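Quick notes on the structure that follows.
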Amino acid sequence: MISQARYWFLLSLIVLVYIAGMFVTLFENDSAQFAVMAMRMVQENDFFTLIKGTEEYLDKPHMHYWLAALSFKIFGIHDWAYRIPGILSTLLGAYSCFGLGRLLYNKDVGKFSALIFMTAQTIVLSNIDVRTDAVLTGFTIFSIWQLALYIEKNKLYNVLLGAFGAGIAFSTKGQIALVVIGISILCHLAYTRKWKSLFNWKVLIAFIVFGITITPMLYAYYLQFDLHPEKIIRGKGNRSGIFFILWEQSFERMSGDGIGKNSSDFFFFFHTFLWVFLPWTVLALIAYWLRIKTFWKMRFEYRPQFEFLTLGGITILFFLISFAQFKLPHYINILIPLYSILTASYLYSLRKHDKHKVIKGVLGIQYFILSLVFIFTLLVCFHVFKFEYIHCYVLLLILLGVITYFCLKREEYYMRIITLSVYSSLLLNGVMNAHFYPALLKYQAGSTMAEKVAEDNIPTDKIYKLSERYTWGLDFYNKKPVQIISISDLNDKNDIWIYATNDELKNLQNMGFHWHDQITVDQFRITRLQIKFLNPHTREKIVNKMHLVHLD
């Protein structure tokens with residue numbers, strides 16, 4: 001349905017967009033925080049202890065940090081090195097989408113699934129703002145694919161690979177991985193009635209492989225927490241790390257206990273999905289609705305041309321996570337592979353059954369989405385952060401020319417839908433990764449100040465802060481966490497620099513401290529953008545300042 005040349009050309013462009021994002025400054029809070037935690041593992045040669053700032057870190061297991069630390073060991077401590085495990089996991093996830101799509105449907109659906117997955121907005125974003133979800137998503141869908149293959153082919157190596165993938169996913173973010181894998185596979189078993197595959201000696205071997213895979217993570221928790229009941233974690237003593245990850249973690253997320261509540265809105269993930277799956281959102285919603293209707297009419301009777309793994313997994317899991325009292329947009333990433341396969345199967349069915357009018361309507365929707373992306377791109381490049389160099393205009397014109405060519409090219413409508421949707425993602429994220437984020441991150445004080453520190457050869461071991469306020473960007477790019485000092489202890493120090501807010505600087509002045517050397521940079525919480533910030537005419541009104549002063 002799609003030529004090999006077109007397919008690999010589009011995949012190559014997507015990977016180029018990923019690579020462009022590799023070299024962008026790390027975002028505060030989570031990306032820079034996790035990078036600092038992995039950096040400390042390498043610098044302190046302690047791979048069993050997770051520390052967040054000055055606190056013991058219980059919330060998430062170790063795998064993401066181990067992979068980042070391994071990358072640091074191989075390539076050095078760089079922002080792009082931190083992103084490598086996430087990007088590789090995403091590529092594994094894309095290949096797994098291809099494999100599962102091919103298993104459940106055919107090769108064409110598999111190819112479409114990989115394209116849709118790699119261009120979904122939240123997946124592209126997860127490879128620049130890298131958190132635990134990139135590794136989690138990649139290994140979760142890998143496990144689902146391999147376990148589904150085992151059910152269909154009864155091969156030992158498939159169930160063992162599935163168990164290994166589940167172990168890595170569990171060691172990355174805990175129980176949510178097993179919930180997604182388990183529900184998806186149970187939906188497949190329930191629909192195909194192949195329960196006998198569970199009652200097999202191969203499954204016992206798979207459980208052993210899973211246990212071996214998660215043992216390093218459990219051992220790390222045991223060393224850090226179970227052996228030290230005297231530690232106070234989140235106001236509680238006698239915390240068992242093993243009990244936490246095997247039982248408590250997901251219940252804390254659902255109830256909001258321990259980590260707090262940030263949203264009781266049951267529909268949070270619905271309106272979040274409207275943007276995280278762009279440019280495929282409308283197609284996914286149509287595909288989901290029509291598949292629900294089809295199964296309802298069939299009374300869920302088994303028919304070989306249909307599958308219930310994606311639909312059942314999405315429905316049950318979306319319902320479950322909507323009850324959580326602590327929600328963030330990237331929590332939905334783990335379901336994106338299932339949405340990708342479902343959407344790809346709908347696209348394939350449109351062409352297979354020659355639904356010309358529907359295809360034409362869908363193409364109109366995708367043209368509309370492309371036009372919105374085009375308008376947004378122009379606003380970003382010519383208003384929010386204006387281009388500074390002539391080559392930026394040239395590259396943008398080339399990209400717009402290619403997109404216009406495919407808009408006008410005479411070819412089948414379904415092929416236009418696929419190509420133009422991919423180009424919508426490429427245009428948006430190419431501009432974001434190569435232009436918007438680099439310009440935006442100039443307003444992230446920690447990383448910007450680290451550049452000044454390097455330029456002026458300021459000793460990083462002489463830099464202090466006056467509170468426990470996190471300084472992840474400065475910590476990472478200085479390759480050294482900023483030390484904390486109280487004002488009362490300043491008199492005992494000579495030749496030191498203080499990293500401070502406006503209020504802290506005024507407090508120092510009031511306490512009689514003096515300095516001649518001062519570096520000031522802009523500061524804004526870049527992950528919480530506002531219209532006033534995006535408007536260059538009002539930006540300065542809401543931008544704060546951070547200072548680095550050399551005390552006399």
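Quick notes
- Selection of the range 451-485 for residues being closer than 17 Å to T501 by Cβ, within 27 Å of the chain's Cα centre (by Cα) and of a type in the set (A, V, I, L, M, F, W, C) yields W472, L474, V482.
- Number of the exception - L149 against (1) at pLDDT 95 or above; (2) in a loop (DSSP other than H, G, I, E, B): (2)
Rundown of residues vs (1) under 30 Å from the mean Cα position of the chain (by Cα); (2) part of a loop (DSSP other than H, G, I, E, B); (3) at pLDDT below 85; (4) on the phi > 0 side of the Ramachandran plot, yes/no style:
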site: Y191; (1), (2), (3), (4): no, no, no, no
site: S197; (1), (2), (3), (4): no, no, no, no
site: K202; (1), (2), (3), (4): no, no, no, no
site: V209; (1), (2), (3), (4): yes, no, no, no
site: M217; (1), (2), (3), (4): yes, no, no, no
site: Y221; (1), (2), (3), (4): yes, no, no, no
site: F225; (1), (2), (3), (4): yes, no, no, no
site: E230; (1), (2), (3), (4): no, yes, yes, no
site: W247; (1), (2), (3), (4): yes, no, yes, no
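- I242 being modelled with pLDDT of 90 or more and touching a Leu at 6+ places or on another chain (Cβ under 9 Å): no
Residues are listed down the side, and each one gets a yes or a no for (1) surrounded by fewer than 24 Cβ atoms within 10 Å (Cβ to Cβ); (2) within 30 Å of I183 (Cβ to Cβ):
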| position | (1), (2) |
| --- | --- |
| Y331 | yes, yes |
| T343 | no, yes |
| K352 | yes, yes |
| H356 | yes, no |
| L363 | yes, no |
| Q366 | yes, no |
| L372 | yes, no |
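- Among residues of the range 121-137, those that are modelled with pLDDT of 95 or more and small (G, A, S), counted: 0
- Of the residues making up the range 232-245, just one is touching a Gly at 6+ places or on another chain (Cβ under 7 Å) and either outside any helix (DSSP H, G or I) or not assigned by TED's automatic domain parsing to the domain that holds T140 (or both), namely R234.
- Some residue of the range 23-33 being of a type outside the set (A, V, I, L, M), out of contact with any strand residue (DSSP E or B) (no Cβ under 6 Å at 6 or more places or on another chain), surrounded by 23 or more Cβ atoms within 10 Å (Cβ to Cβ) and not in a loop (DSSP other than H, G, I, E, B): yes
Listed here are the residues, each with its yes/no results for (1) surrounded by 16 or more Cβ atoms within 10 Å (Cβ to Cβ); (2) without any contact (Cβ under 8 Å) to a residue 24 or more places away in the chain; (3) not assigned by TED's automatic domain parsing to the domain that holds Y339.
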{"position": "S171", "(1), (2), (3)": "yes, no, no"}
{"position": "L178", "(1), (2), (3)": "yes, yes, no"}
{"position": "S184", "(1), (2), (3)": "yes, no, no"}
{"position": "C187", "(1), (2), (3)": "yes, no, no"}
{"position": "R193", "(1), (2), (3)": "no, no, no"}
{"position": "F199", "(1), (2), (3)": "no, yes, no"}
{"position": "F207", "(1), (2), (3)": "no, no, no"}
{"position": "P216", "(1), (2), (3)": "yes, no, no"}
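The rows are residues; the columns are (1) assigned to a helix (DSSP H, G or I); (2) surrounded by 17 or more Cβ atoms within 10 Å (Cβ to Cβ); (3) touching a Leu at 6+ places or on another chain (Cβ under 6 Å); (4) in the same structural domain as T140 (by TED's automatic domain parsing).
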position	(1), (2), (3), (4)
F48	no, no, yes, yes
L58	no, yes, no, yes
P61	no, yes, no, yes
W66	yes, yes, no, yes
A69	yes, yes, no, yes
I74	yes, no, no, yes
I77	no, yes, no, yes
R83	yes, yes, no, yes
L88	yes, no, no, yes
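- Per-region count, the range 35-54, residues within 9 Å of W472 (Cβ to Cβ) and at pLDDT 90 or above: 2
- All of (1) over 25 Å from F98 (Cα atoms); (2) touching a Phe, Trp or Tyr at 6+ places or on another chain (Cβ under 9 Å) hold for L218 with one exception: (2).
- Checking N154 against (1) surrounded by 23 or more Cβ atoms within 10 Å (Cβ to Cβ); (2) farther than 30 Å from L426 by Cβ, the condition it does not meet: (1)
- Test result for V358, without any contact (Cβ under 8 Å) to a residue 40 or more places away in the chain, in a helix (DSSP H, G or I) and under 27 Å from G110 (Cβ atoms): yes
- The range 464-481, residues that are aliphatic (A, V, I, L, M) and surrounded by 22 or more Cβ atoms within 10 Å (Cβ to Cβ): L474
- Number of positions in the range 334-363 that are modelled with pLDDT of 90 or more and more than 17 Å from L115 (Cβ to Cβ): 2
- Of all residues assigned to the range 437-459, none qualifies as being of a type outside the set (K, R), modelled with pLDDT under 90 and part of a helix (DSSP H, G or I).
The values are calculated or read from the model by the stated rules, or taken from the named source; none is laboratory data. Being a predicted model, the structure only gives us computed values, none of them experimental. Here the Cβ is made from the backbone with ideal geometry for all residues, glycine too, and neighbour counts use every protein chain on show.
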